[in-house]
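The block underneath contains the structure these notes are about, expressed in structure tokens.
The values are calculated or read from the model by the stated rules, or taken from the named source; none is laboratory data. What you see is a predicted model; the values in this text were computed from it and never measured. Note that we place each Cβ from the backbone using ideal geometry, even for glycine, and neighbour counts take in every protein chain shown. Ligands, DNA and RNA are excluded from the accessible area calculation, which covers all protein heavy atoms including side chains. Shrake-Rupley method; radii C 1.70, N 1.55, O 1.52, S 1.80 Å.
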Amino acid sequence: MAKALRVGIAGLGVVGQGLLELFAVHGAEIGARCGRSIEITAVSARDRSRTRSVDISRFAWFDDPVDLAKSDGIDVFVELIGGSEGAAKTAVEAALCSGKHVVTANKALLARHGVPLARLAEAKGLALNFEAAVAGGVPVVKTLRESLMGNQISRVFGILNGTTNYILTRMQKEGRSFAEVLRDAQEAGYAEADPTFDIGGFDTAHKLAILTSLAFGVEASFDAIYLEGIETITPADIEAADELGYRIKLLGVAQLTESGIEQRVHPTMTPKHSAVAEVEGVTNCVAIEGDFAGNVMLIGPGAGARPTASSVMSDIIDISRGVVLPPFITPVEFLKPCERAAMRAHEGGYYIRLSVYDRTGAFAAIAARMAEQCISLEAIMQKREGSELPGFAVRGMPNQPIPVMMITHRTTEAAIRLALDAIERDGHVDERPQMIRIERL
Ligand SMILES: NC(=O)c1ccc[n+]([C@@H]2O[C@H](COP(=O)([O-])OP(=O)(O)OC[C@H]3O[C@@H](n4cnc5c(N)ncnc54)[C@H](OP(=O)(O)O)[C@@H]3O)[C@@H](O)[C@H]2O)c1
């Protein structure tokens, strides 16, 4: 049997402990099946005295993950610390510089510094593997890197953050507000005390930057992504979406367009009976459209100790088999720069919610603003108070705002923004118009 592959793990939190457990349960069998045993030899975390789910006393301990990364006692450095800067970045650089293969689950690090790290790995002939960095236990990196390599990809998109999908799912099922459901999610441990990273779409954008690089052969670039979070979604939007045949999901979408690769993260109207719309709770999904394979979709657990550890282990196994590929599929020297696409050129249908003052002429003025931008409406819905049949109700208090929802035909984002700005300026609405893009699925 070949010499054992020696693994050092930095970070013994949720994922690190999941990996220790996986080694404890399946390590010996995996080694036998690979024809090469794989052994954890050393670990590092912040606090040595903290109780872990697996006894770590038999592994060498390093207070500093950089020392572990440079240690002669390991062949593979597994980075499970997290964060785009600081200890994780320094340790990964140190590992590659000192000839160690690297496995990481750190999407923030790859979205920000993936290109120089991949350049370093390629120059040294080392692996930089990151299956767990996108959609946790869902094997999307290998699917793009290996199984779909024969395709030209036209679009890759998905639900890439479990916390936001959990919040939107509960808002939809329970008719409760974003703030209430977020509070519950924090209490249940599904959302962080500071939830900005998830609900603001940043986490989804980190994963999308990686997917875009893999799918389109461009440099991973967080800054090239248009970003909107789910904070402004109201129960009225969720209810209107339902009545109009949609579910609202936070999607990350990368798409080839005539003006380049459009990368965007935003709340999206998805047709109610599409597979994406039916992905509920913390589950993730990724859809990939290839010219020969057609539409491929992967659905599964996007986070959690065991699913994420499963992906990390698959990367370690590749290294034990001697598989070393360019991290982003395309060698770094051939990756194209990634430009930020102009969102104003985006084309599609739009959902719009206006809170319109109940005045004569208000609606005609709104319709005129839409017509000025050549926007035609496919559906319109006005929410009425009370139980009177339409046509019998007495007009309410004048100037009382009433919600009006619209679905547009295909148009450009530039046209929609101009129309909505003009409507707001005209003073017929009492709050900023809500606008949600509709995705063709
Ligand atoms: N959690 C998930 O479901 C999931 C899913 C996919 C990807 N990921 C990614 O996996 C990585 C780890 O996530 P996690 O949820 O396991 O994080 P976590 O539970 O917060 O664990 C972080 C670990 O890193 C250690 N650490 C922090 N700073 C350190 C430093 N300066 N030096 C040495 N060790 C340090 C901590 O040590 P102590 O324990 O001693 O404090 C802890 O063991 C992140 O990049 C995350 O994005 C996580």
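One residue stands out in the stretch 182-236 among those that are in a helix (DSSP H, G or I), within 13 Å of the chain's Cα centre (by Cα) and free of Cβ contacts under 8 Å to residues at least 40 places away in the same chain: the one that is farthest from Lys336 (Cα to Cα), namely Ile199. For the stretch 274-300, taking the residues that are part of a strand (DSSP E or B) and either surrounded by 21 or more Cβ atoms within 10 Å (Cβ to Cβ) or of a type in the set (Gly, Ala, Ser) (or both), the one that is nearest to the ligand (Cβ to nearest atom) is identified as Asn284.
What strands (runs of 3 or more DSSP E) lie completely within the stretch 35-85 and have 1 or more residues being touching a His at 6+ places or on another chain (Cβ under 9 Å)? Steps first, answer last, please.
Numbers: elements: 38-44, 60-62, 76-79.
Of the strands (runs of 3 or more DSSP E) lying wholly inside the stretch 35-85, those with at least 1 residues that are touching a His at 6+ places or on another chain (Cβ under 9 Å) span 76-79.
Within the bounds of the stretch 63-80, is there any residue that is closer than 24 Å to Leu214 by Cα and open to solvent by 30 Å² or more (accessible area, probe 1.4 Å)? Within the stretch 63-80, not a single residue is closer than 24 Å to Leu214 by Cα and open to solvent by 30 Å² or more (accessible area, probe 1.4 Å). Only one of the numbered conditions (1) outside any strand (DSSP E or B); (2) touching a Phe, Trp or Tyr at 6+ places or on another chain (Cβ under 7 Å); (3) among the hydroxyl-bearing types (Ser, Thr, Tyr); (4) over 22 Å from Thr143 (Cα atoms) is violated by Thr270, and that is (1). Against the test of being more than 10 Å from the ligand (Cβ to nearest atom) and either modelled with pLDDT of 95 or more or not acidic (Asp, Glu) (or both), the options Ala95, Ala88 yield a single qualifying residue, Ala95. For the stretch 98-139, the candidate set comprises residues that are crowded, with 24+ Cβ neighbours inside 10 Å and at positive phi; within that set, the residue that is nearest to the ligand (Cβ to nearest atom) is Gly136. Among the residues of the stretch 354-371, those identified as surrounded by 17 or more Cβ atoms within 10 Å (Cβ to Cβ) and touching a helix residue (DSSP H, G or I) at 6+ places or on another chain (Cβ under 6 Å) are Val356, Ile366, Arg369, Met370.
Within the stretch 33-42, is even one residue within 12 Å of the ligand (Cβ to nearest atom) and either farther than 26 Å from Thr90 by Cα or charged (D, E, K, R) (or both)? No - not one qualifying residue is present in the stretch 33-42. A count restricted to the stretch 301-316 and to residues that are more than 9 Å from the ligand (Cβ to nearest atom) and surrounded by fewer than 19 Cβ atoms within 10 Å (Cβ to Cβ) stands at 2.
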